[in-house]
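The values are calculated or read from the model by the stated rules, or taken from the named source; none is laboratory data. None of the values given here were measured: they were computed from a predicted structure. We place every Cβ from the backbone using ideal geometry, glycine too, and count neighbours over all the protein chains shown. Calculation scope for accessible area: heavy atoms of the full protein, side chains included, ligands and nucleic acids excluded. Shrake-Rupley method; radii C 1.70, N 1.55, O 1.52, S 1.80 Å.
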Amino acid sequence: MEKRIAVLAGDGIGPEVTAEAVKVLDTVAAKFGHTFSYDPVLIGGCSIDRHGVPITEEALSVCKASDGVLLGAVGGPKWDTCPADIRPEKALLAVRKELGLFSNLRPTKLFPQLASASPLKEEIVAKGIDLLIVRELIGGIYFGRRQTVSTPEGKAAEDVMSYAEYEIERIGRVAFETARKRNRKLASVDKANVLDTSRLWREVMHRLSAEYPDVEYADYLVDNCAMQLIRNPQQFDVIVTENMFGDILSDEASMLTGSIGMMPSASLAAEGPGMYEPIHGSAPDITGKNIANPLGTILSAAMMLRYSFDMAEEADAVEAAVEAVLDAGYRTGDIMQDGCTPVSCSAMGSLVAERV
Ligand code: IPM
Ligand code: MG
């Protein structure tokens with residue numbers, strides 16, 4: 001098959017980790033008889049420097065015309081003082097919105113080889129951690145009206161969180177369907193004891209739940225969920241939640257595995273290309289040193305193969321290659337353990353590619 005991939009390497013370690021994912025994709029193409037072509041697109045600080053905006057209309061069109069979008073990371077201290085509407089993060093939100101990527105899948109899986117990196121107690125980690133956060137990605141407080149005004153008492157600011165029934169329903173369906181393909185357990189997270197958006201969220205989820213009697217459903221308040229993730233992560237299979245709760249809980253969940261550098265994500269629309277990115281940021285402190293962990297991006301590329309290209313066998317091969325490299329004891333600095341072999345970012349990419 002022929003596929004066009006828009007590569008948004010971005011800032012900081014973004015270019016280093018995406019280069020390794022492309023290396024692995026090239027091996028997949030050669031091994032399985034596909035042709036992947038890559039369109040580099042500027043996003044974030046590098047686009048601000050070149051074009052004065054974090055993403056151009058033309059760049060967005062390249063993404064829309066692609067079969068899949070691979071993203072590294074955006075942002076860095078250099079652009080932290082940019083005005084709100086041209087911040088690098090703005091571009092990420094624009095791509096999500098423009099491509100209609102309402103469904104963000106963030107798998108949190110503990111690789112047994114890395115269990116000692118988890119900050120949780122050994123007896124909790126020993127039972128394994130394998131959960132999936134389904135985060136609503138183009139609604140809620142991220143996209144509501146916001147403003148800062150001056151009042152006689154000083155400045156005031158507001159950010160509006162709103163959800164329409166259809167927005168809740170479509171992410172709910174993705175979550176129930178996904179749960180069906182896993183262990184048939186769904187936790188819906190809200191703050192229904194306080195927020196109207198959450199009460200509507202819960203109402204819609206309950207209605208859907210009746211359509212999926214084979215999926216064991218439970219409501220969690222977001223504060224309780226944050227606690228339960230640490231107390232007993234094994235109680236979760238799929239977690240569905242709104243945009244901001246999902247942002248916060250997914251960082252928390254990733255830490256349970258001890259290695260944010262390992263975690264991939266997929267952002268999907270009802271139709272059209274999906275976007276795939278590691279959940280870590282641009283890591284300016286280690287940029288340009290060839291020491292970043294490319295596995296989160298490589299595993300994101302595997303998700304692209306699986307979800308956008310329908311290449312399950314190829315995706316399995318990449319995931320198995322990552323496991324094999326970990327089994328063989330190769331580690332980047334962030335996941336280094338006694339007795340293991342330290343490797344650079346580019347060496348890690350090559351080791352995975354060799355094993356595909
Ligand atoms: C994420 C990030 C983004 C978000 C930022 C960079 C805008 O934290 O993908 O989780 O909040 O969605
Ligand atoms: Mg986040």
| query | If you go through the range 222-258, how many residues are within 16 Å of ligand 1 (Cβ to nearest atom), outside any helix (DSSP H, G or I) and over 20 Å from Asn183 (Cα atoms)? | reply | 1
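State which residue is nearest to Leu186 (Cα to Cα) when the search covers only the range 71-119 and only residues that are in a loop (DSSP other than H, G, I, E, B) and within 14 Å of ligand 1 (Cβ to nearest atom).
Here the residue is Phe102.
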| task | Kindly indicate whether Leu256 is aliphatic (A, V, I, L, M), more than 15 Å from Arg135 (Cβ to Cβ), touching a residue at least 40 places away in the same chain (Cβ under 8 Å) and crowded, with 18+ Cβ neighbours inside 10 Å. | result | yes
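For the range 235-266, name all the residues that are among the hydroxyl-bearing types (Ser, Thr, Tyr) and away from ligand 2 (no atom under 12 Å from the Cβ). Please lay out each step first, then the result.
Going through the range 235-266, the residues among the hydroxyl-bearing types (Ser, Thr, Tyr) turn out to be 241, 250, 254, 257, 259, 265.
Listed by number, the residues that qualify are Thr241, Thr257, Ser259.
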| query | Where in the range 262-356 are there helices (runs of 4 or more DSSP H), lying fully within it, with 1 or more residues that are over 19 Å from the mean Cα position of the chain (by Cα)? | reply | 312-327, 345-355
| task | State all residues of the range 293-350 that are in contact (Cβ under 8 Å) with a residue 60 or more places away in the chain and touching a Ser or Thr at 6+ places or on another chain (Cβ under 8 Å); if no residue qualifies, say none. | result | Asn293, Pro294, Thr297, Ser300, Met303, Thr332, Asp334, Ile335, Gln337, Cys345, Met348
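Can you work out which of the residues in the range 193-214 that are touching a Lys or Arg at 6+ places or on another chain (Cβ under 8 Å) and farther than 18 Å from Asp247 by Cα is most open to solvent (accessible area, probe 1.4 Å)?
Step one: list which residues in the range 193-214 are touching a Lys or Arg at 6+ places or on another chain (Cβ under 8 Å), which gives 198, 208, 212, 214.
Checking which are farther than 18 Å from Asp247 by Cα leaves us with 208, 212, 214.
On the way: Leu208: 4, Tyr212: 10, Asp214: 57 Å².
So the residue we want is Asp214.
Results for (1) assigned by TED's automatic domain parsing to the domain that holds Met227; (2) under 16 Å from Asp49 (Cα atoms); (3) within 16 Å of ligand 2 (Cβ to nearest atom), shown as yes or no for each residue.
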site: Val74; (1), (2), (3): no, yes, yes
site: Trp79; (1), (2), (3): no, yes, no
site: Ala84; (1), (2), (3): no, yes, no
site: Lys90; (1), (2), (3): no, yes, yes
site: Leu99; (1), (2), (3): no, no, no
site: Leu105; (1), (2), (3): no, no, yes
site: Ser116; (1), (2), (3): no, no, no
| message | Quick check on this structure: which one of Tyr307, Tyr276 is in contact with a strand residue (DSSP E or B) (Cβ under 7 Å, 6 or more places away or on another chain), away from ligand 2 (no atom under 16 Å from the Cβ) and farther than 28 Å from Asn232 by Cβ? | response | Tyr307
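Check the range 179-190 and report whether any residue there is farther than 16 Å from Asp237 by Cα, open to solvent by less than 60 Å² (accessible area, probe 1.4 Å) and in the same structural domain as Tyr142 (by TED's automatic domain parsing).
yes
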| field | Odd one out for Ser47, checked against (1) of a type outside the set (Lys, Arg); (2) without any contact (Cβ under 8 Å) to a residue 60 or more places away in the chain; (3) open to solvent by 10 Å² or more (accessible area, probe 1.4 Å) | value | (3)
| Out of the range 217-246, which residues are open to solvent by 50 Å² or more (accessible area, probe 1.4 Å) and within 16 Å of the chain's Cα centre (by Cα)? | Met244
| task | Taking only the range 163-178 into account, find how many residues are open to solvent by 40 Å² or more (accessible area, probe 1.4 Å) and either among the aromatic types (Phe, Trp, Tyr) or more than 19 Å from Asn104 (Cα to Cα) (or both). | result | 1
| message | Quick test of your reading of the structure: Ser150 fulfils all but one of (1) within 24 Å of Ser47 (Cα to Cα); (2) at pLDDT 95 or above; (3) open to solvent by 10 Å² or more (accessible area, probe 1.4 Å). Name the failing condition by number. | response | (1)
